[in-house]
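Structure record follows, encoded as C-alpha cells.
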Amino acid sequence: MSWDLVVNVSIAGVLTGLVYGLMALGLSVIFGVVRVVNFAHGEMMTIAMYAAVVLFATFRLDPFLAVLPVAAAFFVLGYALQSGLINPFITRPEHSQFMLLLAVAIIMVNGLLVAFGPGARNVIVDYQLESWALGPLLFDKARAYAAGMAIATSALLFAFFRFTLTGKAIRACADNYLGAKVVGLNVKRYYALTFGLGSACVAVAGCMMILLVDVTPTLGPAYTLLAFVIVIVGGLGSMGGALLGGVLIGLSEALAGLFITPSAKSMFSFALLILVLLFRPQGLLGRKI
Amino acid sequence: MSATRRVGVLLALLALALLALPYVASSYVLSVATLILFFAFTGQAWNVMMGFAGQLSLGHSLYVGLAAYASAGLFFHYGVGPWAGLWLGMLICVAAGAAIGFLAFRFGISGVYFALLTIAFAEFTRIGFDHIAWLGGPGGLFIRVEQRDSIDLLNLRGTPEMFYYVMLAFVAGAFALCAGLLRSRAGYYWQAIRENEEAAQALGINTFRWKMLAVMISAAMTSLAGVFFAFYYNNLFPEQIFHISRSIEIILGPIIGGIGTLFGPILGAALLTILADGITELLAALGWEFPGVKQVFYGVVLLTVIMFLPHGVWPALARRLGLGHKAPEPTQGRAAPSDDASSGKS
C-alpha cells in the first residue's frame, strides 16, 4: 500500500470527521446544559439533509446557502421541542426521557420514509468532483469546504458561549441549576434556547454532510449512535472534545476501511468507545466528574 | 375480596385463558400470541435489571443473539439439541453480562453512560458476527425446517402450538421467579440500590455484588429467549438479532406496561403487539399502506403514553381494578439537573 494513499485517505477522514464533530457538538451542548441525552439526534441530522436536498431540487439552492434557512428552521424546531415536550421531562428518570426521545425519533424516521420513500437522495454540485493537488496530496474541494464550515460554525458557537451575556446565562444554568434560578434566570427558557442552538448545529452539519454522502431515512439511528460515540470519546459536555472526537472517529473509520474492510469500520469506533468509557469515562477532554 | 385474593383470581383466569387459547384461536392469532409471550418474557428478564435494580440496559439484544447463535451453531454443525445448547448459550450470556457488569460497576459507570456502554457492546458484537464465516456471517445461519406436524420437544421442532406452550411455560416460570426474587433478600437490596445507591451502600449493602447478580440473572433469563428465537424462526442474521431496534423492542413492553412491576412487562407486550397489529389492520382498511405510516402512528401512541402515564399502564390500571398496587417505580429523577448522578467516580 502506497504511502500517499494512506495520507490521502487520512486527510479525507479528518475532514469528514470535522463535520461529524459539528453534529456531535450539538448533542454535547444539549447534554452539557439540559442534561438530557438527545436520542433523536441522528434523525434530526437526516431531516436537515433532506431539507438541503429539497431546497436544492426546487430552488437550485447550493447547500452552503441552504445552511441559513435550514439552521433557522431547526433553531425554531429545537426550541419548540424543548419547551413543548422535553421541559416537562427534565425531572423524570432517564428511561422516561429515553422513551420520549425514542418516540420522537421513530416519528421522524418514518415521517421521512412516508414523505420521501426508502430510496437514496443526494445533491450534485460541480465542485464535488474537483480537488486541489498539493504535490501528491489531494484535498477534495467539497470535503474541505464542509470542514471549513464546520470549524467556522463551531467557532461561532464557542464565541457565543464565551462572550455574550446570553451565553454566560446558559453556562450558569449548566453549572448550577438552583443558583441560576436564585439569581432570577428563566432556566427553562435557556434550556429551550440551548436545544435550539444544538439543533442549529445539526442543521449545518446535515447541509454539509449531504455534499459527502447520499441520504436515506434509515440513516438516522446510525448517526445517533455515531454522535454518541463521538461525544463520549471526546467528553460529553465538552465543546472541544466533540470536535476532537469527531476527527478521531472520522480518521479511524477511514483507516479501518482502508486497512481492514469497510464493513468493520464502525466496530473500531465502538471498541474505542468501550475503552474510553472504561479508562477515561469523562472522555478525552471532559472535566473530571 | 382482599387485594391479594383478587390478584390470585386474576392470575388463575389469565392462566386458564392462555392455556385454552390454542384450542380456539386461528393460526394467525396464535402466532401473535406467541410473539406477545416472547416479548413478555424478554421484558420480564430486562425488568430484573432495570425495574428491580435500576440499571438501564439498552443492549439486551446482545444476550438474545449470543444464545441464539450458540444453540443454533451447535445444532447446525454438530446436531446438538437446543436444550443442551441452551447451557452453552446461558453460560456465554452470563459471562458476557458479568464482563459488562464487572467493567461498568468497577469503574463506577452508571445511568446514561451505562446504557451507552451496553449499546456499544451489542453493536460491537453485531458487527463482529458479520465477520464470523463459521456462523454464516452477514448471509445468515439457517436451521433446517422439518415436518411441522410431529412434535419433537427435545429438539424443539414441532407445531406452532408446541412453540406457544413452550413460550407460555417460559413466561410462567419467569413470572414465578421474578415474584420470588422481589420478595427475597436480593429483591429488597435491589430496590434499595435502585432508589438510592449511596444510601444502600451506607447501610452496608455490597452494591457491586448485587448489581452483578441482577445483570447475570437477567442475562441468563434472556438467553432462553434467544434459544427459542433461533428454533422458532429457524434463521439468524446479525443485522437483525443484535440490532439496537431489537433491544428497544424488548424494553418498550415493560416501560409501557410499568417498570418494576410483575404484570407490567406482560401487559405492555400485549398492548404493544396488539397495537402494532391493530394499526396495520386499520391502515389496510383505510388504504393508507405507505411504508412508514404504521410506525408514525406507533410513535405517536408511545409519545402519548409516556407523557400521560409516566409510570406505565399497569400501576394506573391496578388502582382502577382495586388491586391495591402501590407502584414501586424507580425514582432516580433529579431534583435539580445540575445534580449529576450519572457518571464516572473513578
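The values are calculated or read from the model by the stated rules, or taken from the named source; none is laboratory data. Worth saying up front: this structure is predicted, and the values here are computed from it rather than measured. Virtual Cβ from ideal backbone geometry, glycine too; neighbours counted across all protein chains shown.
A count restricted to the range B:293-318 and to residues that are among the small types (Gly, Ala, Ser) and within 9 Å of another protein chain (Cβ to nearest Cβ) stands at 1. In the set (1) under 20 Å from the mean Cα position of the chain (by Cα); (2) in a helix (DSSP H, G or I); (3) modelled with pLDDT of 90 or more; (4) surrounded by 15 or more Cβ atoms within 10 Å (Cβ to Cβ), B:GLY85 fails one condition alone, (1). The single residue among A:VAL123, A:VAL37 that is at pLDDT below 95 and under 16 Å from the mean Cα position of the chain (by Cα) turns out to be A:VAL37.
Checking the conditions here, which among A:ALA73, A:ALA52 is assigned to a helix (DSSP H, G or I), surrounded by 24 or more Cβ atoms within 10 Å (Cβ to Cβ) and touching a residue at least 24 places away in the same chain (Cβ under 8 Å)? When all the criteria are applied, what remains is A:ALA52.
In the set B:ARG106, B:ARG126, which member is in contact with a His (Cβ under 8 Å, 6 or more places away or on another chain), within 14 Å of another protein chain (Cβ to nearest Cβ), in contact (Cβ under 8 Å) with a residue 60 or more places away in the chain and over 19 Å from B:VAL48 (Cα atoms)?
Values: B:ARG106 fails: in contact with a His (Cβ under 8 Å, 6 or more places away or on another chain).
Exactly one residue qualifies, and that residue is B:ARG126.
Among the residues that make up the range A:224-243, is at least one of them of a type in the set (Phe, Trp, Tyr), surrounded by 24 or more Cβ atoms within 10 Å (Cβ to Cβ), touching a helix residue (DSSP H, G or I) at 6+ places or on another chain (Cβ under 9 Å) and outside any loop (DSSP other than H, G, I, E, B)? Yes, that holds for at least one residue.
Select, from A:ILE47, A:ILE30, A:ILE106, the only residue that is without any contact (Cβ under 8 Å) to a residue 24 or more places away in the chain, closer than 29 Å to A:GLU253 by Cβ and buried (at least 23 other Cβ atoms within 10 Å of the Cβ). Quick ask: steps written out before the conclusion?
On the way: A:ILE47 fails: without any contact (Cβ under 8 Å) to a residue 24 or more places away in the chain; A:ILE30 fails: without any contact (Cβ under 8 Å) to a residue 24 or more places away in the chain.
It is A:ILE106.
Which of the residues that make up the range A:105-120 are β-branched (Val, Ile, Thr) and facing chain B (nearest Cβ under 7 Å)?
Scanning the range A:105-120 gives A:ILE106, A:ILE107, A:VAL114.
In the range B:136-146, the count of residues that are surrounded by 22 or more Cβ atoms within 10 Å (Cβ to Cβ) and not in a helix (DSSP H, G or I) is one or more. Check A:PHE64, A:PHE56 and return the single one that is of a type in the set (Phe, Trp, Tyr), more than 8 Å from chain B (Cβ to nearest Cβ) and either touching a helix residue (DSSP H, G or I) at 6+ places or on another chain (Cβ under 6 Å) or over 30 Å from A:SER252 (Cα atoms) (or both). Result: A:PHE56 is the single residue among A:PHE64, A:PHE56 that is of a type in the set (Phe, Trp, Tyr), more than 8 Å from chain B (Cβ to nearest Cβ) and either touching a helix residue (DSSP H, G or I) at 6+ places or on another chain (Cβ under 6 Å) or over 30 Å from A:SER252 (Cα atoms) (or both). All conditions but one from (1) more than 10 Å from every other protein chain (Cβ to nearest Cβ); (2) at pLDDT 90 or above; (3) farther than 21 Å from B:THR207 by Cβ apply to B:MET49; the one that does not is (3). Which residues, counting only those in the range B:279-306, are among the aliphatic types (A, V, I, L, M) and farther than 30 Å from B:THR4 by Cα? Once the filter is applied, which keeps residues that are among the aliphatic types (A, V, I, L, M) and farther than 30 Å from B:THR4 by Cα, the range B:279-306 yields B:ILE279, B:LEU282, B:LEU283, B:ALA284, B:ALA285, B:LEU286, B:VAL293, B:VAL296, B:VAL300, B:VAL301, B:LEU302, B:LEU303.
For the range A:168-187, a residue qualifies if it is within 19 Å of A:PRO88 (Cβ to Cβ) and within 23 Å of the chain's Cα centre (by Cα), and exactly one does: A:CYS173.
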